[in-house]
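Rule-based calculations on the coordinates, nothing more; no lab input. None of these values were measured; they are calculated from a predicted model. Neighbour counts run over all protein chains shown; Cβ positions are idealised from the backbone, glycine included.
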Amino acid sequence: MTPRKATRFAWHASLAALPLLAEVYAAAQQPAQPLAPPPPALSEAAQRQIAENNKLPDPPGTGRFAAMKEEVASLPKHVVYRPANLAALGGQKLGVVAWGNGGCSDDGASSRFHLLEVASHGYLVIASGRILSGPSAPPAEPRPPAQPGQPLPARTVAADLTAALDWALAENQRSGSPYFGRIDPKQVALSGWSCGGLQALAVANDPRVKTVVMHNTGVLNEGPNTTIPGMDLTKAALANFHAPVIYILGGPQDIAYKNGMDDFERIVGVPVAVANLPVGHGGTFQEPNGGAAASVAVSWLDWRLRGDATAGRRFAGEDCGLCRDAKWTYQRRNFAPPPVSGGSP
């Protein structure tokens, strides 16, 4: 398969899967009753496109450390993304990012291009679920469809993100662990897409968390919905943010746009930014190396967790990188002056 065809398959698969993800998010914006109907089945053409996308190999990412993903016995129901050669880190410490999947699904490989890209920049990224898609996935297990009048089943929960952080920081202290002494416990972040972003918000009051990256998500403006697990938050949950946060949204055509922008206006007491790229709710997750959104997420993590001054100039200052990038619409509040050199921002 040529690179151009591979990219086209990846993008088509993203579009094919988008109706299901949008259906989950849209259902949550409706009044609590009647309950939302189950999402429609994908067409045969969409299923074929997703099957082609699943054949694409895992990219190593564009960072200094070629990345890989794996499941580990000591952390069930999670997928670990990391630099393949930990020894190559040298004195570089790993940051930790716990990830919530789109749709609160249990496919920890559903955003693999994005997560491998982040990991290649020296991060240990842990997604809830298992490897259920991609070239190394087992055959799909049959699952009963959602029934009319019944809540969608909980595939993952917000506590899975906390469990990922607990495991990583324990491994950093466990003699004999491949991560022993390789993790900086001050470099801890949460992130997630859509429903997974709300899972990140639900546990963002964890004092270990130093920043949060929210993708194509936002607390529902019309109040909580109890029919979909992970969607029952109110705007009061925004008080959970105690560290810098960025929303990366897909522009007005993103079904989460109004909710995410409302969150941005309501957040107080911490540095907050919102960056919009007009690509809709599907973001750029299925583009090669996670596309433009992954690049912005990495820069934010590098700045907020590592004090990288170059990365910080993408967000801070009147002439910031995103301020000048015509593809993005960017706003921020409560920012300190941009760093001049290294050190914590």
Listed by chain and number, the residues whose amide H is under 5 Å from that of Gly192, excluding neighbours fewer than 5 places away on the same chain and using placed H, are Gly100, Val213, His215
Spelling it out for Leu249: with amide H atoms placed in the peptide plane at 1.01 Å from N, the residues 5 or more places away or on another chain with amide H under 5 Å from its amide H are Asn216, Ala275, Asn276, Leu277
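Using C-alpha positions alone, give me the convex hull volume of the range 154-302 per residue in cubic angstrom. Present the calculation step by step, with values, prior to reporting the outcome.
Details: hull volume 17.7 nm³, N = 149.
Per-residue hull volume (Cα only) is 119 Å³.
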Relative contact order of the range 216-305 (C-alpha contacts under 8 Å, at least 6 apart) in percent is 29
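Within 10 Å of each residue's Cβ, count the other Cβ atoms and sort Met214, Met68, Met231 from fewest upward. Could you put the intermediate results ahead of the total?
Numbers: Met214 30, Met68 17, Met231 22.
Ordered by Cβ neighbours within 10 Å, fewest first: Met68, Met231, Met214.
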Fewest to most Cβ atoms within 10 Å: Val245, Val203, Val157 sort as Val157, Val203, Val245
In the structure shown, of Lys69/Lys93; Lys69/Lys186; Lys186/Lys235, the pairs separated by more than 26 angstrom at the C-alpha atoms are Lys186/Lys235
Per-residue Cβ contact counts at 10 Å, fewest first, order Trp328, Trp167, Trp303, Trp99 as Trp328, Trp167, Trp303, Trp99
Looking only at aspartates and glutamates whose Cα falls under 16 Å of Lys210's and that sit 8 or more positions away or on another chain, we get Asp166, Asp184, Asp302, Asp308
Taking only the alpha-carbon atoms of the range 287-330, the convex hull volume per residue, in cubic angstrom, is 69
Sequence order, the range 168-180: Karplus ³J(HN,Hα) from phi using 6.51 cos²θ - 1.76 cosθ + 1.60, θ = phi - 60°, Hz rounded, Gly and Pro as x, gives 4, 6, 5, 4, 4, 9, 8, 4, x, 6, x, 9, 4
A correct Karplus calculation of ³J(HN,Hα) over the range 189-203, with 6.51 cos²θ - 1.76 cosθ + 1.60, θ = phi - 60°, whole Hz and x for Gly and Pro, returns 9, 10, 7, x, 10, 6, 4, x, x, 5, 4, 4, 4, 4, 10
Placing one equal point scatterer on each C-alpha of the range 78-208 and summing with Debye, one gets log10 I(q)/I(0) at q = 0.11, 0.19, 0.21 Å⁻¹ equal to -0.40, -1.07, -1.24
Which residues qualify? For Ile183, with a placed amide H closer than 5 Å and at least 5 residues away or on another chain, they are Leu94
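If eta is 1.306 mPa s and T is 10 °C, what Stokes-Einstein diffusion coefficient results for the range 45-114, Kirkwood Rh from Cα pairs, in µm²/s?
Details: Rh = 14.1 Å.
Answer, rounded: 113 µm²/s.
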The aspartates and glutamates whose Cα lies under 19 Å from the Cα of Lys327, excluding any fewer than 8 residues away in the same chain, are Asp254, Glu287, Glu318, Asp319
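Normalised by the empirical 2.2 N^0.38 Å for globular proteins, what value does the Cα Rg of the range 238-345 take?
1.04
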